[in-house]
Each structure stands twice: as structure tokens, then as C-alpha cells.
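To start, the structure itself, in C-alpha cells.
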Amino acid sequence: MTDRVTVHVHEGVADVRLNRPDKLNALDIATFEALAETGDALAADPSVRAVVLSGEGRAFCAGLDFANFAAMAGDGPSGGDSGSGGQRFKRLLSDITDREPGRITNLGQQAVHTWHELPQPVIAAVHGHALGGGFQIALGADIRIVAPDAKLSVLEIRWGLVPDMTGTAALMRLVGEDVAKELTFTGRMVGGDEAVRLGLATRTADDPRAAATELAREIAGKSPDAIRAAKRLLNRAAEGGDLAGQYLEESRELGALRGSPNQAEAVRAYFEKRPPAFTDPA
């Protein structure tokens, strides 16, 4: 793990925090790696009975780091790191359909799916912005407690992309087909209260981290065997279809979109502050 993610365990509760407050906890390669590694470490720690996942500073997570996105669009360096940075960036993006060894996910997906597959319950405490990939990380948790003034969005459409970090599966489980499509097609912002009404969040709290910690402590006081069994059963019931196929299809769609004319136009139009001029599909 790196300093991108901090972990403190107390009385069975793991306090996990995204730790780039100066960047609104935006996602870079090191953060993806740290999230996946943190999930693996917590899964192997029997003393952890519940997890609280939050972000330091003013936001939960503002989405993909700009430097990484510029590299993804072919306009910048390999993810902001020198030396091994190019190989790390290639691992995430150059062949996005590649699965992580022994997993049904690629690296970006695993940063989210790790919370879904973790045997312990995970509670996301969301404040400020949870956008794009940051929103999908919150969706990977079992329970989401959000601030009333939080801002959540399936923001990928702004860049001419699709949710690519397990978000399509999570949205369908939580809100159903029509709402999932509306949020994905528009990328509109959703506040905390609406998120609860739609099923994106469990409940609101003025201090989401404090509320999530209180709930985690309550869960940690229950039988860990029963809690883990309940999570396994509920996950299986919610998943229904072929999850591996769903994740692979996300990657295929993203691979086809990345660097395409309309995707590049979405990026240019946003930063040039003008309406995009998209080309209709052939």
C-alpha cells in the first residue's frame, strides 16, 4: 500500500480513507493499486469485522485524476509517475480487457469490486463530491451513508465514455434499468436526499463518517460468522447473472470508446467551454 490510502483498525472496525485531499482524492494509478491492495489485506485480517470507507478533506472522490485522463486521451505522459509509471499506466489502460491474475476484473474494476467481494461489510461515508470513478467506488460498498449536500454523478458521459469500474452492474442492482440508464445517459448531479430516494444511498447524515463508524461498531458487535455468511448470501442473490461477463463487456465498450473521434471531441469541448459537435454513428 501507499500513502494514497490510509488504514487504521480499532476494535474490529477498519477506518479506510482515500488520502489525496489536495486533489479531492482524485484517482491515479497508485490509488487504484492501493485500493486493491487494501482490500486484499483486509480480507486476510480476521480481526476486521466491518469497514468504513471515506475520503480525507473536502470530498469523497472527485473521479479520475486529470493527468491520468490526459494520458488516456493520448495528450499527456504515462500517469504522472517517472520510471515504472509507463508500465503501471499500461497495466490499467493499454489493454483494458486484460483481467487481473486470478480475478474477474481489471485493475480499475478491482479497486471497486474489492469492497463487494470483501467478506466483511463495507460502509461508504460520502461527503462533498463522488463523481465518475469515485461514485463507482462508493457503489462498491454494501451500505452508503451520504451527506445531504453531497454531489454524486455517473460522470463518464461527459468524456464520451461509459462507467467502467463495475458501475453498470451496481447501478442495475440498486436502482433498476430505467433510472440506471437516465443517470448514465445524462451524467446529471444527484444530491444526498435524492440519492436515498433513488436507492443509490442508504440514508443521509450530517456527519457521514461518524454515522458510518457508529453503524460499523454495531455490526462489529455481531457474530462475524453470521455477518460474513449473510453478506455472501445477499451478494449472490443480488448478482443474479454472469458478473464476469458484465465486467468484461464494460471493458470492451470502454476500449472501443477510448480515443475515438467522439470521445476526443467530448474532452476538447469540455475544456474549450463550448457545445460538443459529435458525429452520428455510421
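Cβ-Cβ distance below 9 Å, separation of 6 or more or different chains: which pairs start in region 271-282 with a residue that is modelled with pLDDT of 90 or more and end on one that is surrounded by 10 or more Cβ atoms within 10 Å (Cβ to Cβ) and among the basic types (K, R)? Note: pairs meeting the criteria are R274/R268; P276/R268. Against the test of being assigned to a helix (DSSP H, G or I), aromatic (F, W, Y) and more than 16 Å from the chain's Cα centre (by Cα), the options F135, F185 yield a single qualifying residue, F185. Any residue at all in region 28-45 that's surrounded by fewer than 24 Cβ atoms within 10 Å (Cβ to Cβ), touching a helix residue (DSSP H, G or I) at 6+ places or on another chain (Cβ under 6 Å) and modelled with pLDDT of 95 or more? So far as region 28-45 goes, yes, one or more of its residues are surrounded by fewer than 24 Cβ atoms within 10 Å (Cβ to Cβ), touching a helix residue (DSSP H, G or I) at 6+ places or on another chain (Cβ under 6 Å) and modelled with pLDDT of 95 or more. Any residue at all in region 21-36 that's of a type in the set (D, E), at negative phi and not in a loop (DSSP other than H, G, I, E, B)? So far as region 21-36 goes, yes, one or more of its residues are of a type in the set (D, E), at negative phi and not in a loop (DSSP other than H, G, I, E, B).
Here's the yes/no breakdown for (1) part of a helix (DSSP H, G or I); (2) within 21 Å of the chain's Cα centre (by Cα); (3) closer than 26 Å to G128 by Cα; (4) at pLDDT below 95:
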position: A212; (1), (2), (3), (4): yes, yes, yes, no
position: E218; (1), (2), (3), (4): yes, no, yes, no
position: R228; (1), (2), (3), (4): yes, no, no, yes
position: L233; (1), (2), (3), (4): yes, no, no, yes
position: R236; (1), (2), (3), (4): yes, yes, no, yes
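Across region 138-154, the qualifying residues are those that are under 13 Å from the mean Cα position of the chain (by Cα) and surrounded by fewer than 24 Cβ atoms within 10 Å (Cβ to Cβ), and the one among them that is farthest from T186 (Cα to Cα) is D142.
The values are calculated or read from the model by the stated rules, or taken from the named source; none is laboratory data. Owing to the predicted nature of the structure, the values given are computational and were not obtained by experimental measurement. Here the Cβ is made from the backbone with ideal geometry for all residues, glycine too, and neighbour counts use every protein chain on show.
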